[in-house]
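Visitor: First the structure, which I've put down as structure tokens, then a few questions once you've had a look.
The values are calculated or read from the model by the stated rules, or taken from the named source; none is laboratory data. Please read all numbers here as calculations on a predicted model, not as lab measurements. All Cβ positions, glycine included, derive from the backbone under ideal geometry; neighbour counts span all protein chains shown.
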Amino acid sequence: MPDLLSIKFAEWKEHGKTVKTWSVRAARLMIGVPDYDTYVQHRRTNHPELPIMTYEEFFVERQEARYAVGKGRFRGCC
Amino acid sequence: MSALVGNGNGIQTKLLWGAIAALGAVSLGIVALSRGEPVNAAWLVIAAVCIYFIAYRYYALFIANKVLGINPARLTPAIRHNDGLDYVPTNRYVLFGHHFAAIAGAGPLVGPVLAAQMGYLPGTLWILAGVVVAGAVQDMTVLFLSTRRDGHSLGDMVRAEMGPVAGTIAGIGILLICIIILAVLALVVVQALVGSPWGTFTVFCTLPIALIMGVYGRFIRRGRVGEMSLIGFVLLLAALIYGQTVSQTPELAAYFNLSGPTLALIIIGYGFVASVLPVWLLLAPRDYLSTFMKIGVITLLAIAIIIVRPDLQMPAVTKFIDGTGPVWAGSLFPFLFITIACGSVSGWHSLIASGTTPKMIESESQIPFIGYGAMLMESFVAIMAMISASVLHPGVYFAMNSAAGIIGTTAVQAAQTVSNMGFVVTPDQLTQVAHDVGEISILSRTGGAPTLAVGMSQILSSLFGGQALAGIWYHFAILFEALFILTTVDAGTRVCRFMIQDLVGNAIPAFKETKSWANNLIGSALACVLWGYFLYQGVIDPLGGIWTMWPLFGTSNQMLAAIALVLCTVVLFKMKHERFAWVTVVPATWLVVCTVTAGVEKVFHPNPAIGFLAHAARMSNAIAAGQVLAPAHSLSEMSRLVFNDYVDATLAALFAAVVVSMVVYGFLDIRKALGTPKATAMEVEFAGAAVGGRNA
């Protein structure tokens, strides 16, 4: 039954990948960084004429925004 | 799972829900009715989880569908303003995590620990009932309101729906709660670190660790959050383990064995520096580390409680329900509810539910899952805190949570006093607990965090490592609490500074400019002075500070919840959904009664332990007679206490006044809404989905 086993393994590997992708997304959003691919996709589809930030620029932009004084972002008190 | 959240009405579904209801009822019965025999924590967990499921399935969905009238076809701000940055349609599970991480904090961990002085039962019942009827309803309704208003903040919504005066009053309320929260949370950290070289060393180490992470994530591998967090976590563990060596080496320990006032000044200084420095250097990396640790530890604790299933040592109800307890003053009503605050209903969440979350919701149909669901989870955190406090020997609990002014400073005195309270404990037991967790003493470690840490270390060490790791687990728990509290302190100072700049800027427009360095320095300094004043006052309070400050904090928090629920009620009337307005009227009324009673009692109660004015009068009379009353040591200290009493009394009165005026405005608005034939709620215009929201 090696075939069946390898199929199962591939399936589990796929599951593992999905879990990882979504966990990373969730963890990133918890610290205020939304999904970068979604951003790129959005820009490409809706604003093809506008520049797209690199991941590094995107990260810095989101980091500044999370702690921007003036937006009154409240978090984690109780 | 689909049977649990869906609307299926098949016979199987009905049987399933019947079983859940029966299981919950049996568990709750065991928790509530057993006397004498220790109850196993598993019953508490099962009862809580069953109640959450039933509440979600029947109450949350009822509110969503009937009361609020959510409309999955209506485009959410995330879809309409999608920019890939602030407004992003987000998977509901991912968003749930984001929302929960934003609302979870120190409140639900500390409140239940303090509430345990009345026994585990009164607090547990309120945590469960409060979240179902009040807390989760508030979070979800505010989330709904904000989603229908382009993600506007609570303050903006109050201004739009109830007018500028009500908006300003709410704004003042928000500033007050911010200051008190920062002071009280910082106080919890100070109380946990006083005279604890191990804890202090580890917490101090988080600063250089954050700087290393910050530089790594900015210059070496920009934006690699996973890598920098891993580096931070490994360094943190190293600091934690090395901390034991520090505490056992007298020359090193001396540097980290600090007094309360010194720690308070250091934390105030830290708050200032962190709020002025660029965020990527200190604030953000600490935030990342503390967020991941918070979620990780909460998960770990849940798993450990389920596997270990400890017995609750605390009696179901103690004699202190009469209000004579040593941990905090005041009778069951209103102060138990004020003390628990965040685990059942937290006004603070109304700020978060109107913050980033509404800008990322894919579809209105996800509002109950995220708003109501995340709050149920928060309530579960409170239940876990209650369990952690209740697995301790009650004698140990009271020795840890009573101020030195009450139980004395030696183990013999403390054991004597606590035993006289009816919780028989020997001096050896008290020193043994301290020894087990690697501390010099555990007496009068008020503030909840050390108690929680001892409870967590008992639970976690019986799962991993046994007695040998109890000290590590204890300091790990302290570190975890201190880390995310300090993150709240620095982020909160920034928010506070903005609010001050906004408020003062009304008089001096130049002060509003947030890019100006001078403004930033002055604003941050003002914010730190404001909360620092209350922190310092709490630290030098011979009754331990928490005694005075926690009720003030609880009152301010419940005040904000009352404001939010009044807004929700007004909007329900303006939407012409008044038939269902009882859903928010009931919790709003309860909170108004609670906060106003607490506010008035804190000011006018004739018992000096509760009423600030009575306490001030007692002190003033003594000063006039030239006497020095304990806990003060000199006449000048006495006059300072009197001054503090007046400040605290003013605050408590302000909280009550804010609530009362919001209620008055609420009534006026409701009357106006009833007199108008059509809906007047200020929602953004309906836009239907062309292809339908991606609602799962």
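Yes/no per residue for (1) touching a strand residue (DSSP E or B) at 6+ places or on another chain (Cβ under 7 Å); (2) more than 12 Å from chain A (Cβ to nearest Cβ); (3) polar (S, T, N, Q):
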{"site": "B:SER331", "(1), (2), (3)": "no, yes, yes"}
{"site": "B:THR357", "(1), (2), (3)": "no, no, yes"}
{"site": "B:MET360", "(1), (2), (3)": "yes, no, no"}
{"site": "B:GLN366", "(1), (2), (3)": "no, yes, yes"}
{"site": "B:LEU376", "(1), (2), (3)": "no, yes, no"}
{"site": "B:SER388", "(1), (2), (3)": "no, yes, yes"}
{"site": "B:ALA403", "(1), (2), (3)": "no, yes, no"}
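Visitor: Let me ask something additional. Just one of B:LEU282, B:LEU236, B:LEU265, B:LEU289 is within 30 Å of B:PHE100 (Cβ to Cβ), more than 11 Å from chain A (Cβ to nearest Cβ) and of a type outside the set (Lys, Arg); which is it? It would help to see each step written out before you state the result.
Guide: Details: B:LEU282 fails: more than 11 Å from chain A (Cβ to nearest Cβ); B:LEU265 fails: within 30 Å of B:PHE100 (Cβ to Cβ); B:LEU289 fails: more than 11 Å from chain A (Cβ to nearest Cβ).
None of the other options fit; the residue is B:LEU236.
Visitor: Answer yes or no as to whether B:GLY105 is at the interface with chain A (Cβ under 8 Å from one of its Cβ atoms), farther than 29 Å from B:PHE580 by Cα and in contact with a Cys (Cβ under 9 Å, 6 or more places away or on another chain).
Guide: yes
Visitor: What residue, of B:ALA656, B:ALA588, is of a type in the set (A, V, I, L, M), in contact (Cβ under 8 Å) with a residue 24 or more places away in the chain and in contact with a Lys or Arg (Cβ under 9 Å, 6 or more places away or on another chain)?
Guide: Only one candidate qualifies: B:ALA656.
Visitor: Considering only the stretch B:105-137, state which residues are touching a Leu at 6+ places or on another chain (Cβ under 7 Å) and more than 23 Å from B:ILE54 (Cα to Cα).
Guide: B:ALA106, B:LEU109, B:VAL113, B:ALA115, B:MET118 - these are the residues of the stretch B:105-137 that are touching a Leu at 6+ places or on another chain (Cβ under 7 Å) and more than 23 Å from B:ILE54 (Cα to Cα).
Visitor: Sticking with this structure for a sec: Looking at (1) at the interface with another protein chain (Cβ under 10 Å from one of its Cβ atoms); (2) closer than 26 Å to B:ALA47 by Cβ; (3) touching a Ser or Thr at 6+ places or on another chain (Cβ under 7 Å), which one does B:ALA134 not meet, given that it meets all the others?
Guide: Here B:ALA134 clears every test but (1).
Visitor: Restrict the check to the stretch B:153-162 and report whether at least one residue is in contact with a Phe, Trp or Tyr (Cβ under 7 Å, 6 or more places away or on another chain) and more than 11 Å from every other protein chain (Cβ to nearest Cβ).
Guide: yes
Visitor: Within the stretch B:142-166, work out how many residues are free of Cβ contacts under 8 Å to residues at least 24 places away in the same chain and touching a Gly at 6+ places or on another chain (Cβ under 6 Å).
Guide: 2
Visitor: Tell me whether the stretch B:507-519 contains one or more residues that are more than 11 Å from every other protein chain (Cβ to nearest Cβ), touching a residue at least 60 places away in the same chain (Cβ under 8 Å) and at negative phi.
Guide: No.
Visitor: Now a separate question. Among the residues of the stretch A:44-66, what is the count of those that are loosely packed, with under 15 Cβ neighbours inside 10 Å and either part of a helix (DSSP H, G or I) or in contact with a strand residue (DSSP E or B) (Cβ under 8 Å, 6 or more places away or on another chain) (or both)?
Guide: Going through the stretch A:44-66 one residue at a time, the tally reaches 7.
Visitor: Determine whether B:ASP86 is crowded, with 19+ Cβ neighbours inside 10 Å, in contact (Cβ under 8 Å) with a residue 12 or more places away in the chain and of a type in the set (Asp, Glu).
Guide: When the stated conditions are applied, B:ASP86 does not pass them.
Visitor: Any residue that is touching a Lys or Arg at 6+ places or on another chain (Cβ under 8 Å) and farther than 26 Å from B:THR584 by Cα - is there at least one of those in the stretch B:43-57?
Guide: Checking the stretch B:43-57: not a single residue is touching a Lys or Arg at 6+ places or on another chain (Cβ under 8 Å) and farther than 26 Å from B:THR584 by Cα.
Visitor: Quick check on B:PRO334: is it surrounded by fewer than 23 Cβ atoms within 10 Å (Cβ to Cβ), more than 18 Å from B:GLY232 (Cβ to Cβ) and either more than 23 Å from the chain's Cα centre (by Cα) or of a type outside the set (Gly, Ala, Ser) (or both)?
Guide: Values: surrounded by fewer than 23 Cβ atoms within 10 Å (Cβ to Cβ): no; more than 18 Å from B:GLY232 (Cβ to Cβ): yes; either more than 23 Å from the chain's Cα centre (by Cα) or of a type outside the set (Gly, Ala, Ser) (or both): yes.
So B:PRO334 does not fit the description; no.
Visitor: Looking only at the stretch A:19-35, count every residue that is in contact with a Leu (Cβ under 8 Å, 6 or more places away or on another chain) and facing another protein chain (nearest Cβ under 7 Å) and tell me the total. Even if it seems obvious, please write down each step before you answer.
Guide: Restricting attention to the stretch A:19-35, the residues satisfying the condition of being in contact with a Leu (Cβ under 8 Å, 6 or more places away or on another chain) are A:29, A:34-35.
Keeping just the survivors that are facing another protein chain (nearest Cβ under 7 Å) gives A:29, A:34.
Of the residues in the stretch A:19-35, 2 are in contact with a Leu (Cβ under 8 Å, 6 or more places away or on another chain) and facing another protein chain (nearest Cβ under 7 Å).
Visitor: Taking the condition of being in a loop (DSSP other than H, G, I, E, B) and free of Cβ contacts under 8 Å to residues at least 40 places away in the same chain, how many residues in the stretch B:247-262 meet it?
Guide: Residues of the stretch B:247-262 in a loop (DSSP other than H, G, I, E, B): B:249, B:257-259.
Of the ones still in play, those that are also free of Cβ contacts under 8 Å to residues at least 40 places away in the same chain are B:249.
So the count comes out to 1.
Visitor: Within the stretch B:213-230, take every residue that is in contact (Cβ under 8 Å) with a residue 40 or more places away in the chain and more than 27 Å from the chain's Cα centre (by Cα) and give me the one that is farthest from the other protein chains (Cβ to nearest Cβ).
Guide: B:VAL215
Visitor: Considering only residues of the stretch B:86-110 that are part of a loop (DSSP other than H, G, I, E, B) and out of contact with any Lys or Arg (no Cβ under 7 Å at 6 or more places or on another chain), which is farthest from B:ILE367 (Cα to Cα)? Please lay out each step first, then the result.
Guide: Filtering the stretch B:86-110 down to residues part of a loop (DSSP other than H, G, I, E, B) leaves B:86-89, B:91, B:104-106.
Next, only the ones that are out of contact with any Lys or Arg (no Cβ under 7 Å at 6 or more places or on another chain) stay: B:88, B:91, B:105-106.
Working: B:VAL88: 15, B:ASN91: 12, B:GLY105: 21, B:ALA106: 25 Å.
Taking the candidates together, the pick is B:ALA106.
Visitor: Since B:LEU114 meets every condition but one in (1) crowded, with 24+ Cβ neighbours inside 10 Å; (2) modelled with pLDDT of 95 or more; (3) within 11 Å of chain A (Cβ to nearest Cβ); (4) under 30 Å from B:ALA41 (Cα atoms), which condition does it not meet?
Guide: Against the list (1) crowded, with 24+ Cβ neighbours inside 10 Å; (2) modelled with pLDDT of 95 or more; (3) within 11 Å of chain A (Cβ to nearest Cβ); (4) under 30 Å from B:ALA41 (Cα atoms), B:LEU114 comes up short only on (3).
Visitor: Can you pull out the residues in the stretch B:538-579 that are at pLDDT 95 or above and at positive phi?
Guide: B:LYS576
Visitor: Moving on to the next point. Tell me the residue from B:LEU376, B:LEU463, B:LEU392, B:LEU452 that is modelled with pLDDT under 95 and of a type outside the set (Asp, Glu), please. It would help to see each step written out before you state the result.
Guide: Working: B:LEU376 fails: modelled with pLDDT under 95; B:LEU392 fails: modelled with pLDDT under 95; B:LEU452 fails: modelled with pLDDT under 95.
The unique qualifying residue is B:LEU463.
Visitor: For the stretch B:333-352, enumerate the residues that are at the interface with chain A (Cβ under 10 Å from one of its Cβ atoms) and either touching an Asp or Glu at 6+ places or on another chain (Cβ under 6 Å) or hydroxyl-bearing (Ser, Thr, Tyr) (or both).
Guide: Taking the stretch B:333-352 and keeping what is at the interface with chain A (Cβ under 10 Å from one of its Cβ atoms), we get B:341-343, B:346-352.
Scanning the stretch B:333-352 gives B:SER346, B:HIS349, B:SER350.
Visitor: Here's something else I'd like to know. Collect the residues in the stretch B:526-553 that are within 21 Å of B:ALA274 (Cβ to Cβ) and within 14 Å of chain A (Cβ to nearest Cβ), keeping them in residue-number order.
Guide: B:LEU526, B:ALA527, B:TRP531
Visitor: Pick from the stretch B:481-506 the residues that are in a helix (DSSP H, G or I) and more than 13 Å from chain A (Cβ to nearest Cβ): which of them is nearest to B:PHE201 (Cα to Cα)?
Guide: Within the stretch B:481-506, the match that is nearest to B:PHE201 (Cα to Cα) is B:ALA482.
Visitor: Looking at the stretch B:182-198, can you tell me whether even one residue there is over 24 Å from B:VAL297 (Cβ atoms) and within 13 Å of chain A (Cβ to nearest Cβ)?
Guide: Yes, the stretch B:182-198 contains at least one residue that is over 24 Å from B:VAL297 (Cβ atoms) and within 13 Å of chain A (Cβ to nearest Cβ).
Visitor: Give me the residue from the stretch B:55-85 that is assigned to a loop (DSSP other than H, G, I, E, B) and more than 8 Å from chain A (Cβ to nearest Cβ) and, out of that set, farthest from A:ASP35 (Cα to Cα).
Guide: Filtering the stretch B:55-85 for residues assigned to a loop (DSSP other than H, G, I, E, B) gives B:69-73, B:75-76, B:81-85.
With the extra rule that they be more than 8 Å from chain A (Cβ to nearest Cβ), the set shrinks to B:69-73, B:75-76, B:81.
Values: B:GLY69: 30, B:ILE70: 27, B:ASN71: 26, B:PRO72: 24, B:ALA73: 25, B:LEU75: 21, B:THR76: 19, B:HIS81: 16 Å.
Result: B:GLY69.
Visitor: Looking at the stretch A:45-66, which of its residues are more than 21 Å from B:THR356 (Cα to Cα) and more than 8 Å from chain B (Cβ to nearest Cβ)?
Guide: Scanning the stretch A:45-66 gives A:THR45, A:HIS47, A:PRO48, A:GLU49, A:LEU50, A:PRO51, A:ILE52, A:MET53, A:THR54.
Visitor: Please enumerate the residues belonging to the stretch B:610-636 that are surrounded by 15 or more Cβ atoms within 10 Å (Cβ to Cβ) and of a type in the set (Gly, Ala, Ser).
Guide: Selection gives B:GLY611, B:ALA614, B:ALA616, B:ALA617, B:SER620, B:ALA622, B:ALA632.
Visitor: For the stretch B:512-524, how many residues meet the condition of being crowded, with 16+ Cβ neighbours inside 10 Å, assigned to a helix (DSSP H, G or I) and not basic (Lys, Arg)?
Guide: Adding up the residues that qualify gives 5.
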